[in-house]
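Reading through the structure tokens given below for one structure.
The values are calculated or read from the model by the stated rules, or taken from the named source; none is laboratory data. None of these values were measured; they are calculated from a predicted model. A quick note on method: Cβ atoms are made from the backbone with ideal geometry, for glycine too, and the neighbour counts reach across all protein chains shown.
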Amino acid sequence: MSGDGGEISLGPFADAVGVTHGDLTNPVAGRLTTIKCGLVFEIIDNIPTHNAQETADLLLRLAHPDSIIHTSKPLSLRLKIAKAVRERAKLRKNKKAALPNFFNTEFVPPVAPPLQIPAKRTYEELHVENNEIKQKLAQLEEEQKKVETEYPDVVRESNRLQQELADVVIKHRNTLTTHAKDINKLMKEKAKLQSAYELKSNKLDEVNMKVDTLKGKSQAKSEKINSLKKQVKRDSECKGKKVKKIHDLEQNKKEMEQQVAQKDECIERTKELMEEAKSERRAALKDLSQIKRRAKESQCNLIATNEAKIKELKNTIEQNDVHVRELEQLNVLLEGDVIHTFEGGRFINEMRETIMVLLTECNVSMPKVGNVITTVCKNLLGKLPDKLPSHGTLHRILNEAKFVAQTQIMEYMEEGGDPSNLQGNTLHSDATTKFHRHYQGFQVTLPDKEQISIGLVEVGAGDAETYLDAFKRAISDIAEAVCSDQSTEQEKKIAALVTSVKNTMGDQGPTNPQFNKYVQSFREELLPHVVSNWDSLSTAAQKEIGDMGNYFCKMHLFVNFATEADKVLKINEADVIAAGKNQFAFGTESGAARLIRTSAKALTQRGCDMSGMAANWMTYLEEQNIKNHLISYRANRFNVLFYSAAATYYHRRHIFDFISTLPDPNNLLKAVQYDVQQTIYLAQIRALGIIDKVITGPFWRLVERTDNILQLNNPLAIMQNKLKSWANDASPILNKEVLFENIEIHKDVMYEALFAESEDTDFTTYTQVALEMVLTGMLLILERQAKDQLEGGKFFAPSANLLKSAQNVPTTNNVSERDFAVLDVLVRLKPAASCHSFETYILWLHNKPSAWLDQMTKEEKNKLLDMARCRYTSIRQQYLRKKDKLKQQHRQALHAKQEKKEKQEQRSRVTKVAATEGVFAYGGVWTLDSYEDKISELQPAKRKAAIYAQLKYHKRVLDSKGNPQLFQKSTHGTEHSEGTLTDNLKTLLELNNITAADVEGARDQTNLQYHTNEKITTNVRSSKSERMKKISEQRNQIKAKQQQTLLPELLLDPASLVGKKCKQKCREEDGSVEWFTGSVTAISRFKQNVISTEFDMVYDDFPEDTWTFPLLMDLKKGDLIIL
């Protein structure tokens, strides 16, 4: 398509104002007075780069100098254009009918930001500066007049050059005309001579013919010459005359030939002259073209230079005018005594925005807001505000601030979500409890990896259904805030927000997997309302769009590593320690964990206020020029056990020496002093410290520097393989073998202390054993909680679509932890504030709506703030509904607990009565001295029931202490024999009849007593075997669960299982579980219900036997693994 002048058309809006394709590279300045949105889109669509910045520069060059667009900043104009493009994309997607009206609307550029009042100056200074500016303005006006004076001279010079050029052209044209006339005259003369020559030539030919005839006759009559002499004489005379005449004719012929040759030479010379004339004409035309081009370039350059200079001068004048106006406004302000903050019955929007920022981002308390505003105005401007908001108005403005934040969230989340493109936002969620109030927080990571908070909800319970209800409430509040009262529009916004979520990120709490399922189901219900032509999509395409990626925070691995390490270290203590305990310590944690925690509690700033000695400890270290490496346990959740273990081991001698210098240490310090002397505890904290330096520390740094969670697949596989190796033999790690080659190790004084050689072989052995035990536990946690990203997991080998959808999934859920850190501060600073207020503070502190507002034009900002004021009632109703909902949840939770307690008490009473009746049916309660006699008095058939009745009585009525297995009637489905039950009863009776001598003997054991090395080796081997067996069982369970996805294919083709190698789960008679490997040889019996089809299987351990099982049913139950 082209315009009238052959230029390529940009579109109807460009044609209407005369903008063509040539204006994209060489724009005509000052062409546009008004700009429609349609023109902006036509320009940006036709620019090769489709860049908003280039579009903004082009509009500035095309716009008339008086256009308002010249008051906009380039960055603000670019952002405005980018926003308009996004708005067009939204309308194309959701409301195409509104596009024509949108294109016809005038493009309103952003205006300059509001006047920034400078620092306070005296009137005399302002007057002097104003005079200087006026002088500069006069100088600039003179320069402008000078330029305007010089401009006609330049124009006249240009006209003179054009006139000279025209004269040269006329001269060349005259020369060519003269040469053309000469050529025509010569050509005519040549034609005449040619004609005469042809005539004479014809006559000569006739004469020659006659001569030839006469010669013939003369020869014929030669014989008659003698007789005819007289006649010959006469003939000779006649012939002489003829010969003379012929000679004359020949002479004339030669002269004519010479004349013809001369004419030919003249013609050739004329042709050469014509060629020279043509060459001169071409040269003249070339010179003429160059002269025209140079003249035009000179003229254009001169005009452009002058125009640029004039434009620059105009801009300078405009800036000075603005400055003058600002000074005049400032003078007006200085002349008054107050600043007007209240107009039309309400506070102005600038005042409301200021209060929002003060309350939230600046964390100014409500009673202090008025003082802050007054102080700033008084000290900087020398003025006072005419009116300040009341406490109730501040509450109202805080609610308006929440509306502004929710509008920002709505815009960001809608831009980030496109379900059909397999990309979307990542939803973060976490829960916490503060002062007996339970909170659920939600955040999202946008496709550009920016993270924002979207809501904080106080809940009355901790189950998945309550969390889903909190999520729905957070989304509904956002939709309700930005929409009108029409429920249809709100439903569309809710659907857009929910379907924009493509992935989830959380910890591995027990409620999170169920919560993720609820969110996915909720999203699948709304997808048909958001994705166009949903019903026409294939089932595979619908599934791909509907699938969500459920990821888990890798920082929480450190927390679970620490928990598991504490468990296995308790087992390690039991393997090594024969007797003894710390009399000053309490609790059920391991000795190593207790030493780490109590050292921090006693010797760090945030430790125990009553028993701590942090100040004295720091003084002690400073006197010895030693740096303190201990950190507080409080507010250090991740990796604190492992790092503090390294620090405690480094300070072990310093701690003991420091406490030894105290005259009367308290029980906390005594507990620390006792534990820090024990070899086993020091070996265990050394093991934990080595793990920090080699494993958890580098992995922490790797997780922090990695952008995407799927990039951790390979490091997690490396960690799994290393843990497998080191759990069997930890000597390589003691020899400084590293986990990751490309991650630095912090080789500080703690590192040197941890890897220093020890002459105590028992201590080295204890360290290695503790390392292997802890690494075994860490391997168990890693394979359980990172199974999706390890080999065989659904995220291990991600496809291109999975990588695309997960490109904005971070490695951690730290964004939730950050919000809760802010909440922890707020609940202490503002104990009377509501969750509604906490949510507003967090949204503003995290999302920074003030910066978002600064990018708007003044009109847009005023429109939003006015809307926020009008929506106060609906926002207040949100808070009241949340409050009522929370009360209802609390009542339901309380009633559920009361009902549960009543049921437990009733069940306890019934079981106690039944247990008591059972005991008295066999002679009452037996004692250690009488139980054997009581058993012998009973009939053999009743002895077993009687013994079990005694066990139930001890458990349910007397609440006797003892291992829970002692009270059981069976193990793994196999009932105990009479002898086993009797032994268990005897053990219980002995445990609950401790003498005073036993208690006194325990008090005398002030130091730990260790088993022999042989006993320790046996205990450790048994403990490691149990841990490895647990890991193996967990691996089989994970693998079996992963392979359940193969069941649909096998149901369609059961024969494909034949010939496969499998592992099958079997239960022994004693209740233990083992996995046996075998081969499927054939289908034994095919059944109509395919899942019940029986297969023949031969175990590797029993090759001579064939067993028949419904293997597909085992696969469904998780009892079969296909190798």
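Things to note:
- Out of 416, 460, sole residue that is modelled with pLDDT under 85, under 17 Å from the mean Cα position of the chain (by Cα) and either surrounded by fewer than 24 Cβ atoms within 10 Å (Cβ to Cβ) or of a type outside the set (Asp, Glu) (or both): 416
- Boolean, residue 449 is among the charged types (D, E, K, R), in contact with a Pro (Cβ under 9 Å, 6 or more places away or on another chain) and more than 27 Å from residue 828 (Cα to Cα): yes
- Qualifying position, being touching a Gly at 6+ places or on another chain (Cβ under 7 Å) and not β-branched (Val, Ile, Thr), among 458, 524, 465, 489: 524
- At least 3 residues being more than 21 Å from residue 104 (Cα to Cα) is the threshold, and among the helices (runs of 4 or more DSSP H) wholly inside the range 1-83 those reaching it are 52-62.
- Strands (runs of 3 or more DSSP E) fully within the range 1010-1123 counting 1 or more residues that are within 29 Å of residue 788 (Cβ to Cβ) and among the hydrophobic types (A, V, I, L, M, F, W, C): 1061-1067, 1073-1085, 1120-1122
- Residue-level check: of (1) at pLDDT 85 or above; (2) more than 26 Å from residue 873 (Cα to Cα), residue 435 misses just (1).
- If the condition is being over 14 Å from residue 911 (Cβ atoms) and exposed (fewer than 13 other Cβ atoms within 10 Å of the Cβ), then the range 951-969 contributes 961, 963, 964, 965.
- Of all residues making up the range 46-74, the number that are without any contact (Cβ under 8 Å) to a residue 40 or more places away in the chain, among the small types (Gly, Ala, Ser) and under 23 Å from residue 86 (Cβ atoms): 3
- Close contacts from the range 515-531, counting a first residue that is within 16 Å of residue 503 (Cβ to Cβ) and a second that is assigned to a helix (DSSP H, G or I) and small (Gly, Ala, Ser), with Cβ to Cβ under 7 Å and a gap of 6+ residues or different chains, come to 515/464; 518/464; 524/546; 527/546.
- Applying the condition of being among the charged types (D, E, K, R) and touching a strand residue (DSSP E or B) at 6+ places or on another chain (Cβ under 8 Å) to the range 1016-1054 and asking which residue is modelled with the lowest pLDDT yields 1033.
- Being among the β-branched types (Val, Ile, Thr), outside any helix (DSSP H, G or I) and touching a Phe, Trp or Tyr at 6+ places or on another chain (Cβ under 8 Å) is a description that applies to residue 925.
- Applying the criterion of at least 2 residues that are at pLDDT below 90 and either in contact with a Pro (Cβ under 8 Å, 6 or more places away or on another chain) or within 30 Å of residue 540 (Cα to Cα) (or both) to the helices (runs of 4 or more DSSP H) found wholly in the range 798-854 leaves 800-805.
- Of the residues making up the range 701-719, those that are under 14 Å from residue 744 (Cβ atoms) and in contact with a strand residue (DSSP E or B) (Cβ under 6 Å, 6 or more places away or on another chain) number 0.
- A single entry from 111, 85 fulfils the requirement of being out of contact with any Leu (no Cβ under 7 Å at 6 or more places or on another chain), surrounded by 15 or more Cβ atoms within 10 Å (Cβ to Cβ), at pLDDT 75 or above and not polar (S, T, N, Q): 85.
- Considering each residue of the range 617-628 in turn, none proves to be of a type in the set (S, T, N, Q), in the same structural domain as residue 682 (by TED's automatic domain parsing) and surrounded by 20 or more Cβ atoms within 10 Å (Cβ to Cβ).
- Residue in the range 774-785 that is of a type in the set (Ser, Thr, Tyr), under 28 Å from residue 1023 (Cβ atoms), surrounded by 15 or more Cβ atoms within 10 Å (Cβ to Cβ) and touching a Ser or Thr at 6+ places or on another chain (Cβ under 6 Å) present: no
- Criterion (within 40 Å of the chain's Cα centre (by Cα), at pLDDT below 80, closer than 20 Å to residue 10 by Cα and not small (Gly, Ala, Ser)) met by exactly one of 70, 50: 50
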